[in-house]
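The structure appears right after this line, and notes come after that.
Quick note: the coordinates plus some simple rules give every number you see, no bench work behind them. Here the structure is a predicted model, which is why all the values come from computation and not from measurement. Cβ: placed from backbone, ideal geometry, glycine included. Neighbour counts: every protein chain shown.
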Number of protein chains: 2
Amino acid sequence: MNQSNILENRFPGRRAALKREILEQALYCFNELGVEATTIDAIKARCDTSVGAIYHHFGNKEGILSALFFAAQDDQRHRLEQELAGANSLREAVYSIIWSYLDWVVDNPEWARFLYQARSPVAKGPFQEELTNRNIQNYRKLKERLISFGNDDIKIVQPFEMLFSLIIGPSENYCRAWLSGRVKTSPQEYRKEFAESVWRSLQS
Amino acid sequence: MNQSNILENRFPGRRAALKREILEQALYCFNELGVEATTIDAIKARCDTSVGAIYHHFGNKEGILSALFFAAQDDQRHRLEQELAGANSLREAVYSIIWSYLDWVVDNPEWARFLYQARSPVAKGPFQEELTNRNIQNYRKLKERLISFGNDDIKIVQPFEMLFSLIIGPSENYCRAWLSGRVKTSPQEYRKEFAESVWRSLQS
DNA sequence: TCTGTTGAAGAATATTATTCTGTTTTGTTT
DNA sequence: AAACAAAACAGAATAATATTCTTCAACAGA
């Protein structure tokens with residue numbers, strides 16, 4: 001049932017049991033029915049609790065959505081940082097970014113699906129600022145890490161703004177297609193090809 | 001006010017005037033407030049009409065959303081087909097796909113923004129099947145067009161499923177970033193770089 | 001002009017999100 | 001252990017919102 005321990009990691013302990021249960025069922029509902037079509041009542045029914053409990057823990061629907069979103073995003077980023085820590089060159093860093101992304105999506109398809117569809121609602125909602133700040137932070141850290149390698153060995157595509165899009169764009173697009181069912185082959189099968197293609201695209 | 005004539009093209013004539021007006025204001029609301037936070041009342045207020053008129057034209061909120069979505073998608077695809085028609089080699093085709101995509105987004109930023117955020121809701125809603133069919137069709141047509149060139153001159157990345165992601169992924173990712181404000185430079189400035197990078201990534 | 005059809009309005013209804021009040025459980029202090 | 005405070009939970013009451021329904025007006029074709 002539990003596809004992973006993202007929730008356990010983030011909301012540990014006995015007292016948070018219902019909180020985790022609500023989130024898990026909400027995740028299911030959002031993915032199955034869509035964010036807007038998911039009602040508090042539907043979530044309530046699936047975990048046999050009360051509206052009072054739900055609102056006590058999350059305040060409102062946006063609160064549930066955001067809690068799920070940030071939990072997923074943090075887990076994904078954590079995986080990225082772990083992989084990236086082991087990289088010793090720009091080339092290895094690029095491979096780490098792509099591989100950790102693909103692996104995470106394949107390991108957590110439900111969470112990944114949710115992440116794609118919840119970004120816009122969260123970006124518009126009351127947690128707008130928190131999301132923006134996190135994105136700026138993450139982006140900056142990644143940029144510094146990449147710059148730290150220098151690019152003596154090969155000449156890298158110039159406008160730095162483009163770099164991240166070139167690296168993650170293809171994988172992201174493929175993962176979306178895979179999660180929506182348009183393509184059948186697991187992203188992991190193309191790990192190597194994605195990384196190599198991207199690396200080629202970077203040398204100018 | 002009217003960023004383009006997408007609505008005029010799709011719903012021409014005097015009798016569809018209110019229909020277009022409703023759609024235009026709805027587009028504004030969806031982008032400004034988000035899909036879920038946009039109320040029928042807010043749309044009604046912005047075009048000074050009645051709920052009756054709105055429901056007469058679109059049935060429900062999903063109906064407005066879908067009408068906008070398909071209008072935008074068709075316009076985008078139309079532009080792609082025009083550009084692609086002039087291509088005489090695989091290389092030119094790849095350039096056409098990327099350039100028409102970037103140009104369309106820059107020409108229609110509001111529509112592009114909407115397209116990104118409305119995909120999930122539409123994919124879950126009552127027009128689910130229509131969307132799927134359109135996607136399958138578009139994908140197939142594009143695939144056939146690309147295959148038609150053969151690949152005698154250069155060896156192209158093997159798994160065909162990956163091809164589309166490699167081509168459009170970087171541009172898509174960058175356009176999202178640009179529309180969300182994370183990067184400032186217009187995608188059009190990097191037209192050449194995106195196309196060249198992608199083309200390098202394809203040769204294996 | 002007549003007549004059926006489409007466009008439009010707004011009140012009435014149904015659905016859903018949210019608040020509020022009270023009760024129980026849990027943890028902590030004495 | 002008893003008393004207290006804080007957090008967890010339940011469910012009725014309320015508010016916000018989507019949708020339906022009934023009515024009237026504009027319009028095209030006979």
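Please work out the FRET efficiency for the pair B:R134 and A:N88, using the Cβ-Cβ distance as r and a Förster radius of 30 Å; give the result to the nearest 0.05. So, using R0 = 30 Å, E works out to roughly 0.05. Shielding value for A:183-192 is 2, the average number of Cβ atoms from other chains within 10 Å of each residue's Cβ. Per residue of peptide A:112-119, the mean number of Cβ atoms on other chains within 10 Å of the residue Cβ is 2.
When the protein assembly as shown is described by a simple charge dipole with +1 on each Lys and Arg Cβ and -1 on each Asp and Glu Cβ, the residue from B:S120, B:I54, B:Q82 located farthest towards its positive end is B:I54. With label points set 7 Å from Cα along Cα→Cβ, the inter-copy distances at B:R140 are 5.0 nm, sorted shortest first. Counting only alpha carbon atoms, the long axis of helix A:191-202 and the longest principal axis of chain A meet at about 50°.
In terms of its alpha-carbon gyration tensor, the protein assembly as shown comes out oblate; a/c meets the 1.5 threshold, while b/c is at least as large as a/b.
Each label point was placed 7 Å from the Cα along the Cα-to-Cβ direction; for B:T39 and A:I40 their separation is 1.6 nm.
For the stretch A:6-202, the average shadow cast by the Cα convex hull is 12.1 nm², which is a quarter of the hull's surface. Based on Cα atoms of the stretch A:1-70, Rg over Rh with Rh as the Kirkwood radius reads 0.92.
Here r is the Cβ-Cβ distance between A:S148 and B:Y116 and R0 is 30 Å; the resulting FRET efficiency, rounded to 0.05, is 0.40.
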